[in-house]
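Asker: Encoded as structure tokens, here's the structure I'll be asking about.
Read-outs throughout are calculated quantities, based only on the coordinates presented, and are distinct from any laboratory measurement. Not measured: the values here are computed from a predicted model. Positions of Cβ are backbone-derived with ideal geometry, glycine not excepted, and every protein chain shown enters the neighbour counts.
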Amino acid sequence: MVPPWIRLNRNVEAVRFLNSRDEMDAKNTNPRKGAAGPVTKHTGFRHLFAAASYSFGGARRLIGEAAFRHELIAFAVAMAAFATVGANLFQYVAMAILFLLMMAFEAINTAIEEIVDRVSPEISEMGRNAKDLGSFACLCLILANAGYAVYVIFLARLLG
């Protein structure tokens with residue numbers, strides 16, 4: 001079931017959001033309000049479990065992105081190729097770190113796209129620029145991953 005505030009006209013909701021920001025005090029100490037009342041903050045172990053659940057929710061959302069699934073397949077292929085050519089432990093770890101960075105950038109890019117679509121449903125120059133810059137950051141890491149994989153698979157044996 002879709003919550004009622006999501007079904008509202010996006011422009012009306014954007015105005016409500018902007019008006020709600022004006023109601024905050026200078027130090028932003030008022031508790032956040034959700035659909036059912038104030039949002040409570042957990043502490044201690046409950047906070048750790050809440051944070052982990054938010055992270056897993058983000059991972060589930062990221063798996064829904066076609067670009068991320070393609071990157072995941074490319075990572076699996078690269079790891080299989082590393083095994084075929086006999087890569088050492090350092091090369092596996094370096095590739096895994098590059099892949100984790102790419103996952104993080106893909107998550108940030110997806111978040112930027114979601115926020116831009118939410119705040120500005122109409123096409124705007126600033127929204128397009130924000131999305132393009134996020135996409136460029138992902139492209140840079142894709143090229144870094146691909147370049148390193150090509151180096152390990154093809155060039156490391158020739159050069160070293």
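Asker: Looking for something charged (D, E, K, R) and within 18 Å of Ala67 (Cα to Cα) - is there at least one such residue anywhere in the stretch 130-147? Don't jump to the end; show me each part of the working.
Answerer: First pass over the stretch 130-147, keeping only residues charged (D, E, K, R): 131-132.
Filter once more, keeping what is within 18 Å of Ala67 (Cα to Cα): 131-132.
Yes.
Asker: Given the options Arg60, Arg46, name the one that is within 15 Å of the chain's Cα centre (by Cα) and of a type in the set (Lys, Arg). So that I can check it myself, show each step before the final result.
Answerer: On the way: Arg46 fails: within 15 Å of the chain's Cα centre (by Cα).
Being within 15 Å of the chain's Cα centre (by Cα) and of a type in the set (Lys, Arg) holds for just one of Arg60, Arg46, which is Arg60.
Asker: Does the stretch 84-99 contain at least one residue that is surrounded by 11 or more Cβ atoms within 10 Å (Cβ to Cβ) and closer than 15 Å to His70 by Cα?
Answerer: Yes, the stretch 84-99 has at least one match.
Asker: Go over the candidates Ile73, Ile112 one by one and state the one that is within 30 Å of Leu159 (Cβ to Cβ) and part of a helix (DSSP H, G or I). I'd like the intermediate steps shown before the answer.
Answerer: Details: Ile112 fails: within 30 Å of Leu159 (Cβ to Cβ).
Going through Ile73, Ile112 in turn, just one is within 30 Å of Leu159 (Cβ to Cβ) and part of a helix (DSSP H, G or I): Ile73.
Asker: Please go through the stretch 110-147 and give me each residue that is surrounded by 12 or more Cβ atoms within 10 Å (Cβ to Cβ) and polar (S, T, N, Q), ordered by number.
Answerer: Correct list: Thr110, Ser120, Ser124, Ser135, Asn145.
Asker: Output the residues belonging to the stretch 35-58 that are free of Cβ contacts under 8 Å to residues at least 24 places away in the same chain and surrounded by 12 or more Cβ atoms within 10 Å (Cβ to Cβ).
Answerer: Going residue by residue through the stretch 35-58, those that are free of Cβ contacts under 8 Å to residues at least 24 places away in the same chain are 36-57.
Ala50 - this is the single residue of the stretch 35-58 that is free of Cβ contacts under 8 Å to residues at least 24 places away in the same chain and surrounded by 12 or more Cβ atoms within 10 Å (Cβ to Cβ).
Asker: Within the stretch 84-106, identify whether any single residue is in contact with a Ser or Thr (Cβ under 6 Å, 6 or more places away or on another chain) and part of a helix (DSSP H, G or I), and answer yes or no. If you could, list the steps in order and put the result at the bottom.
Answerer: We begin by selecting, within the stretch 84-106, every residue in contact with a Ser or Thr (Cβ under 6 Å, 6 or more places away or on another chain); these are none.
Scanning the stretch 84-106, I find no residue that is in contact with a Ser or Thr (Cβ under 6 Å, 6 or more places away or on another chain) and part of a helix (DSSP H, G or I), so the answer is no.
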